[in-house]
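Written out below as C-alpha cells is the structure these notes cover.
Nothing in this text is a laboratory measurement; each read-out follows from the coordinates by a stated rule. Predicted model, so just to flag it, every value in this text is computed and none were measured.
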Amino acid sequence: MTSFLRDADMNASNELNFKELLRIKLDVLQREHRDLDAAVHALELSGRPDQLRLRRLKKQKLALKDQIVKIEDDLIPDIIA
C-alpha cells in the first residue's frame, strides 16, 4: 500500500472514530437533557418550587441544548442547494 493510500485510510478511520465519539457524546447530552427536563417538570409540579433551583436547572438545560445543536451541526454536513 502506498504512503498516500495508507494516510488516506488512516484519515478516514480517524474521521469515523471522531464521528462515533460525537454520536456517543450527543447521546449522553440528550439523556442528560431529558433527565433535567424531568427534574424541572417534577419541581414545577411540587407545591411551591424553589425558584432559584428551577432557574438553575433551566439554565443547565439550555446550555445542554446549545451543545446538542452544535454537535448535530457538526455531524450533519452542509448541503448547498
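Short-range pairs are left out: with C-alpha atoms under 8 Å and at least six residues apart, the relative contact order of region 29-71 is 57 percent. When the P(r) of region 20-65 is calculated, the portion above 16 Å amounts to 40% of the C-alpha pairs.
With 0.36 nm allotted per residue and the present C-alpha distance subtracted, the Ile76-Lys25 stretch has 16.9 nm of extension available.
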